[in-house]
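Comments concern the structure below.
The values are calculated or read from the model by the stated rules, or taken from the named source; none is laboratory data. Not measured: the values here are computed from a predicted model. All Cβ positions, glycine included, derive from the backbone under ideal geometry; neighbour counts span all protein chains shown.
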Amino acid sequence: MTSTMPQADHVLRTDYQRSVAEYWNAEKDPVNIRLGEVDGYYHHHYGLGDYDPSVLEGPEETRNQRIIEELHRLETAQADVLLDHLGNIRPEDRIMDTGSGRGGTSFMAHQRFGCHVDGVSISQQQVDFANGQAEERGVSDKVAFHFRNMLDTGFDTGSLRASWNNESTMYVDLFELFSEHARLLRHGGRYVTITGCYNDVTGGRSKAVSRIDEHYTCNIHPRSAYFKAMAANGLVPINVVDLTDQTIPYWELRAQSSVATGIEDPFLTAYKEGSFHYLLIAADRI
Ligand code: GPP
Ligand code: MG
């Protein structure tokens, strides 16, 4: 047995968590790597805003690259919207990215606020990749990634000014998740999530939403679950923004790209039929 085994057993507590970790440890999808290579910010979330239609025109030899750069610009715009909702963060504050992927949002947060950022992920591969990026950027004293479970991070109670999940809540129980965020945040601290959730009003999980779950091995929650779990854990929403209309162009462009993965149609169907929303929720810890 290697010395890392007991730690892995501690972080990955269920067969489900182990299968999610396995998925992300193996993931090398061009839609994420090629986009990240554009400027070194590697994202694991989708995009926001209108795309420039001229990327689809012009010389055929550079068309793919133009689309990749445009998709990346929209993904970066999404992270900026999330950071816009974190409130007034000062350089001496500590903030946390739970489900930090390859680190894109964490590095943008550090660049914007100059504060200490910790990221946690159950994928050792992602943690190692993101820490390598921190070294390369010369910010490893301020931005650090940890092989930890977002439901039990081990960080100090009341230590954070802000925390967020950028498209990672669909892997966990929301009551357990918000209990941990509430523990980590100090009074008045801000929590933000951008997530895909299904629409209670149209009924249960639609076929398109089920296909998304199947694709990522995740479990998309209903919209109502977010507010119940926040209310139960002292997190009081201050902003709820329906970003659905703003993310549809990203999926339309992605569907026409060389890096499409096959999940574009279910997203477009789910959003357009109204069974699914792309939602931002910002909440204060009371
Ligand atoms: C992955 O981003 C995001 C998720 C797995 C969460 C699912 C999100 C919902 C809104 C339901 P990614 O950038 O790794 O995905 P892809 O490889 O498809 O670009
Ligand atoms: Mg992606």
Strands (runs of 3 or more DSSP E) contained in the range 107-173 and holding at least 2 residues over 19 Å from W24 (Cα atoms) and at pLDDT 95 or above: 116-121, 160-166
Residue match in the range 157-173 (condition: basic (K, R) and touching a residue at least 40 places away in the same chain (Cβ under 8 Å)): yes
Any hit, the range 39-49, residues being more than 16 Å from ligand 2 (Cβ to nearest atom) and at pLDDT 95 or above: no
Members of the range 14-24 found to be within 11 Å of ligand 1 (Cβ to nearest atom) and buried (at least 16 other Cβ atoms within 10 Å of the Cβ), listed by number: V20, W24
Members of the range 81-93 found to be out of contact with any strand residue (DSSP E or B) (no Cβ under 8 Å at 6 or more places or on another chain) and outside any loop (DSSP other than H, G, I, E, B), listed by number: L83, D84
Extreme residue, surrounded by the most Cβ atoms within 10 Å (Cβ to Cβ), among residues of the range 25-64 that are more than 10 Å from ligand 1 (Cβ to nearest atom) and aliphatic (A, V, I, L, M): L48
Test set (1) buried (at least 21 other Cβ atoms within 10 Å of the Cβ); (2) more than 17 Å from the chain's Cα centre (by Cα) - T261 fails condition number: (1)
Positions within the range 129-147 being within 18 Å of L12 (Cα to Cα) and surrounded by fewer than 22 Cβ atoms within 10 Å (Cβ to Cβ), in sequence order: H146, F147
Selection within the range 230-286 - in contact (Cβ under 8 Å) with a residue 60 or more places away in the chain, in a loop (DSSP other than H, G, I, E, B) and in contact with a Phe, Trp or Tyr (Cβ under 9 Å, 6 or more places away or on another chain): L243, S275
All positions within the range 188-208 that are within 27 Å of D80 (Cβ to Cβ), within 13 Å of ligand 1 (Cβ to nearest atom) and among the aliphatic types (A, V, I, L, M): I194
Complete set of residues in the range 147-178 that are of a type in the set (D, E) and within 16 Å of ligand 1 (Cβ to nearest atom): E167, D173
Index of the failed condition, Q78 passing every other in (1) part of a helix (DSSP H, G or I); (2) under 29 Å from E22 (Cβ atoms); (3) in contact with a helix residue (DSSP H, G or I) (Cβ under 7 Å, 6 or more places away or on another chain); (4) not hydrophobic (A, V, I, L, M, F, W, C): (3)
The range 45-71: number of residues that are without any contact (Cβ under 8 Å) to a residue 24 or more places away in the chain and either in a helix (DSSP H, G or I) or of a type in the set (S, T, Y) (or both): 8
Residue count for the range 96-128, restricted to those that are more than 25 Å from L12 (Cβ to Cβ) and either in contact with a strand residue (DSSP E or B) (Cβ under 8 Å, 6 or more places away or on another chain) or surrounded by 24 or more Cβ atoms within 10 Å (Cβ to Cβ) (or both): 6
The range 28-44 residues that are under 15 Å from L253 (Cα atoms), paired with ones that are in a loop (DSSP other than H, G, I, E, B) and of a type in the set (V, I, T) (beta carbon under 7 Å, 6 or more apart): V31/V259; V31/T261
Failed item in (1) within 30 Å of K228 (Cβ to Cβ); (2) within 16 Å of ligand 2 (Cβ to nearest atom); (3) crowded, with 24+ Cβ neighbours inside 10 Å, with M170 passing the rest: (3)
